[in-house]
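Trainee: This structure is in C-alpha cells; I'll ask about it shortly.
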Amino acid sequence: MAGAAHCSLQAKRLLLDPKFEGYKLSLEPLACYQLGLDAAVAEVKLRDDQYTLDHMRAFGMYNYLHLDSWYQDNVYYVDQFGRVMNLSVTLDTALQKPREVFRLPTDMTAYDDRLCASIHFSSSTWVALSDGTGRLYLIKSGKRGNSASEKWEIVFNEELGSPFVIAHSVSFVKSDTHSIAVLLLRVEKDELDTKGSGFHITLEWVTIAEIRKEGDHRYEICKRRVLQGKSVPHYAAIEPSGDGLMILSYKPFKFMQDEDNKLEENDDTKATNEKKDPVYYWQQTEEDVTVTVHVPEDITKDDVKVRFSHDNIRVALKDQPPLMEGKLYSFVDHESCTWIIRENKSLEISLIKKNEGPRWPELIVGDTRGEFIMDSAQCSEIAESLMHLTSEVMNPNPEKENPPCNAQELEECDAFLEDGASLCRFDGDTLKVTHIIHLGSNQYLFSVVVDPREMPCFCLRHDVDALLWQPHSDQPENMWEHIATFNALGYVQASKQDKKFMACAPDYSYAALCECLRRVFIYRQPTPLSTVLYNRKEGRQVGQVAKQLVATLEAHDPILGFQATSERLFVLTTKTMFLIKVNSGN
C-alpha cells in the first residue's frame with residue numbers, strides 16, 4: 001500500500017452530544033402488521049463444509065430482505081419456487097399480498113452447492129440478480145413498485161464460475177456507453193492456506209457494457225478484476241462513476257494480477273527484498289557522532305575528498321559519485337570535525353555536535369543507506385529509562401494514586417476483536433490503493449443507503465456513540481463525511497448478544513436492531529418534551545428525551561430479513577412479513 005494517502009475520519013463536533021443522558025424505555029404501543037407468505041423464503045442453510053466464521057458472516061447471516069432505495073417502502077425477497085416477490089406499501093391498513101415480479105429460469109433445488117439468491121438495485125430501472133448457482137442476470141425492470149409499469153426483462157444472463165452473492169452494483173454512462181458494474185462475493189477453498197481456515201475471500205468486480213452495432217444491441221462483459229483477502233468485508237461498494245471501489249475489512253484485500261503483471265510484480269518485490277549492505281555505519285554520544293565508511297584497499301588519503309559545513313557533509317572517492325552527501329540532522333562544529341583512514345581500510349569521520357545532549361534519529365536527512373549502531377551502555381540506559389512502564393505483575397502498586405489501566409476492569413462490550421480493520425479506496429485503472437484509513441477500535445456496525453445516487457453509508461462505533469459516514473468519491477478533500485450520530489448506540493448494541501441485524505432510517509430519525517428471534521429494539525433520536533421533566537440528581541430541567549421502544553413479534557421462526565425506511569420497519573421470517581410503524585408519514 002505504498003503511495004496510498006493515509007487519511008482519518010473527522011467527526012463533526014456539532015453532531016455530537018456529550019450531555020446525552022441515555023434512552024428512556026417507552027411503553028407507547030407500536031402498530032405492527034403481518035402478512036402470511038404464499039410460499040416460504042428461499043433460505044439456504046450452511047453445509048457441513050461451510051464451517052468458518054467467514055461462511056457464517058457472508059451466507060449464514062445473510063439478509064434475505066432487499067430494500068429498493070429508489071422507491072419508498074418497496075421491498076423484495078426470493079421464495080422457494082425461485083419467484084422474486086415484491087411488497088410495496090402505501091397504506092399500512094390496506095396491505096396487499098406480496099406479488100411476483102420475476103421468476104428465475106433455473107431450478108435452484110437441483111444444485112447442491114448453491115448459495116442464497118441475491119438482488120441489488122443498480123438504478124431506478126436496472127436490477128442485478130443472482131440465483132446462487134454462479135449465474136448473473138442483469139434485468140431492465142421499468143419503474144418498480146408499480147404493477148402497471150414494472151416489467152422485468154433479462155438483458156444479460158451468463159454463468160460466471162463458482163456460486164456467489166452480489167455485494168453491490170452501480171449503473172453509469174461513460175462516453176455515451178451505458179455500463180453496469182457488479183461486485184460478486186465468494187468464499188473459496190485455499191489449498192495453500194495450511195495454517196489458517198483453509199479458505200480465502202474473493203471480490204470479483206465485473207463491468208458489463210452496452211454494445212451497439214448495426215442490427216445488434218446487447219450487453220457484454222468488458223472487464224473482470226478479482227480482489228483477494230482473508231476476511232469477509234464488512235462493507236464493499238463501487239463508486240457511482242464506476243472508477244473506484246471502497247472496502248472496509250478486518251484483513252486487507254489486493255488485486256490478483258494476470259501472469260505478465262505478476263512476473264513484473266515479483267521482479268519488483270525481489271529487487272526490494274534484496275538486502276543491500278549499508279554504505280556507512282554510525283554511532284553517537286551526547287557530544288559527537290562517529291561515521292565509518294569501508295573503502296577499497298587501493299584507496300589512499302589523497303583519493304578521499306571530505307567536505308564539511310555547519311549542516312552538510314559530502315564524502316567522495318577519486319572521481320566517483322559521492323558515497324555520502326546531504327543535509328545533516330542537526331548542526332555541527334564543522335571546524336572541529338575530522339577524518340582519518342584506519343589500518344583496516346575504513347574511513348572514520350568524527351562530527352562534533354553543536355548542541356550537546358539530544359540524540360539524532362538519523363545522520364543525513366532522508367538517507368536510509370546507513371546503519372546506526374548502538375553500544376551496550378546506551379542500550380542499558382534506554383532499557384532502564386523504560387523500566388517503569390513494564391512489570392511482570394498485573395498491578396504492582398495498587399495503592400498508587402493513579403494505578404495503571406487494568407484490562408480486567410474493561411467491560412465485555414469495550415473489547416474489540418477486530419482492532420486491525422481498515423477502510424481502503426482502490427483505483428479502477430491502476431488497481432492500487434489510493435486512500436487508507438486505519439479504523440482501530442472504531443467497530444463497524446451496519447451500512448445503509450441514504451441517497452441511492454451516492455455510495456452506501458457505513459456506521460462505526462466511536463467511543464460509546466455510533467457515527468454515520470457518507471462516502472463522497474468525487475470529493476478527495478471530503479471523501480468521508482460525518483452526517484449523523486446515534487447517541488450511545490455503540491455501547492447499547494454491544495450489550496445485545498443475540499443481535500442479528502442493525503439498520504437505521506434514511507432520515508436518521510431512529511436506529512433499530514433485531515435479535516435472531518422475535519424481539520426488535522428501536523432507538524429514537526432525542527425529541528423535545530411536551531411536559532416538564534426534572535433531573536433530580538442534578539436538580540435541573542430536562543429539555544428533550546430519547547426513547548427506546550421494544551416490539552415482540554408473534555413468530556417462532558428465525559428472523560431472515562430486516563430493513564428500515566423513514567416510516568416503518570420490515571421484518572421477514574420464513575413464512576411471514578411483519579411491518580412495524582415507527583414514524584407517521586408527513
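Trainee: Among the residues of the stretch 120-135, write down those that are outside any loop (DSSP other than H, G, I, E, B), in contact (Cβ under 8 Å) with a residue 40 or more places away in the chain and buried (at least 22 other Cβ atoms within 10 Å of the Cβ).
Mentor: Within the stretch 120-135, PHE121, ALA128, LEU129, SER130 meet the criteria.
Trainee: May I ask you to list the residues in the stretch 350-368 that are of a type in the set (D, E, K, R) and either modelled with pLDDT under 85 or exposed (fewer than 10 other Cβ atoms within 10 Å of the Cβ) (or both)?
Mentor: Selection gives GLU356, ARG359, ASP367.
Trainee: Please enumerate the residues belonging to the stretch 242-255 that are outside any strand (DSSP E or B) and open to solvent by 40 Å² or more (accessible area, probe 1.4 Å).
Mentor: Within the stretch 242-255, ASP243, TYR250, LYS251, PRO252 qualify.
Trainee: Considering every residue within the stretch 340-349, establish whether at least one is of a type in the set (D, E, K, R), open to solvent by 60 Å² or more (accessible area, probe 1.4 Å) and within 52 Å of the chain's Cα centre (by Cα).
Mentor: Checked against the condition, which is being of a type in the set (D, E, K, R), open to solvent by 60 Å² or more (accessible area, probe 1.4 Å) and within 52 Å of the chain's Cα centre (by Cα), the stretch 340-349 yields no hits at all.
Trainee: Being closer than 28 Å to ARG453 by Cβ, in contact (Cβ under 8 Å) with a residue 24 or more places away in the chain and of a type in the set (A, V, I, L, M) is the filter here, so list the residues in the stretch 72-103 that pass it.
Mentor: Within the stretch 72-103, VAL75, VAL78, VAL84, MET85, LEU87, VAL89, VAL101 qualify.
Trainee: Just to be sure, is ARG47 modelled with pLDDT under 95 and either of a type in the set (Asp, Glu) or surrounded by 15 or more Cβ atoms within 10 Å (Cβ to Cβ) (or both)?
Mentor: no
Trainee: Shifting gears a bit: Restricting to the stretch 329-339, what's the tally of residues that are among the hydroxyl-bearing types (Ser, Thr, Tyr) and open to solvent by 70 Å² or more (accessible area, probe 1.4 Å)?
Mentor: 2
Trainee: Within the stretch 534-544, does at least one residue satisfy the condition of being part of a strand (DSSP E or B) and at pLDDT 80 or above?
Mentor: no
Trainee: Which residues, counting only those in the stretch 447-464, are among the hydrophobic types (A, V, I, L, M, F, W, C) and open to solvent by 10 Å² or more (accessible area, probe 1.4 Å)?
Mentor: Scanning the stretch 447-464 gives VAL448, VAL449, VAL450, VAL464.
Trainee: Is it the case, given these coordinates, that LYS547 is farther than 20 Å from VAL449 by Cβ and either part of a loop (DSSP other than H, G, I, E, B) or at pLDDT below 90 (or both)?
Mentor: no
Trainee: Collect the residues in the stretch 201-215 that are out of contact with any helix residue (DSSP H, G or I) (no Cβ under 9 Å at 6 or more places or on another chain) and open to solvent by less than 50 Å² (accessible area, probe 1.4 Å), keeping them in residue-number order.
Mentor: THR202, LEU203, GLU204, TRP205, VAL206, THR207, ILE208, ALA209, GLU210, ILE211
Trainee: Given the residues GLU481, GLU392, which is the only one that is modelled with pLDDT under 90 and not small (Gly, Ala, Ser)?
Mentor: GLU392
Trainee: Just one of the numbered conditions (1) within 22 Å of THR177 (Cα to Cα); (2) at pLDDT below 95 is not true of TRP205; which one?
Mentor: (2)
Trainee: Search the stretch 12-39 for residues that are under 23 Å from VAL520 (Cα atoms) and of a type in the set (Gly, Ala, Ser) and pair each with any residue that is at pLDDT 90 or above and assigned to a loop (DSSP other than H, G, I, E, B) when their beta-carbon atoms are under 8 Å apart and the residues are at least 6 apart or on different chains.
Mentor: GLY22/ALA488; GLY36/LYS575
Trainee: Working only within the stretch 425-458, note down all residues that are touching a Cys at 6+ places or on another chain (Cβ under 7 Å) and within 14 Å of LEU9 (Cα to Cα).
Mentor: HIS435, ILE436, ILE437
Trainee: Looking only at the stretch 475-508, how many residues end up being open to solvent by 30 Å² or more (accessible area, probe 1.4 Å) and assigned to a loop (DSSP other than H, G, I, E, B)?
Mentor: Within the stretch 475-508, residues that are open to solvent by 30 Å² or more (accessible area, probe 1.4 Å) and assigned to a loop (DSSP other than H, G, I, E, B) number 8.
Trainee: Please determine, by comparing only the residues of the stretch 218-241 that are open to solvent by less than 30 Å² (accessible area, probe 1.4 Å) and not hydrophobic (A, V, I, L, M, F, W, C), which one is farthest from ARG425 (Cα to Cα).
Mentor: TYR219
Trainee: So, in the stretch 169-188, of the ones that are of a type in the set (S, T, N, Q) and buried (at least 18 other Cβ atoms within 10 Å of the Cβ), which residue ends up farthest from the chain's Cα centre (by Cα)?
Mentor: SER179
Trainee: Let me ask another. If I go through the stretch 3-38 residue by residue, how many of them are under 20 Å from TYR491 (Cα atoms), open to solvent by less than 70 Å² (accessible area, probe 1.4 Å) and in a strand (DSSP E or B)?
Mentor: Residues in the stretch 3-38 being under 20 Å from TYR491 (Cα atoms), open to solvent by less than 70 Å² (accessible area, probe 1.4 Å) and in a strand (DSSP E or B): 1 in total.
The values are calculated or read from the model by the stated rules, or taken from the named source; none is laboratory data. Just so it is clear, the model here is predicted, and its values are computed rather than measured. Counting neighbours? That spans all protein chains shown, and the Cβs are built from the backbone with ideal geometry, glycine included. For the accessible areas, the whole protein counts, side chains as well, though only heavy atoms, and no ligand, DNA or RNA atoms are used. Shrake-Rupley method; radii C 1.70, N 1.55, O 1.52, S 1.80 Å.
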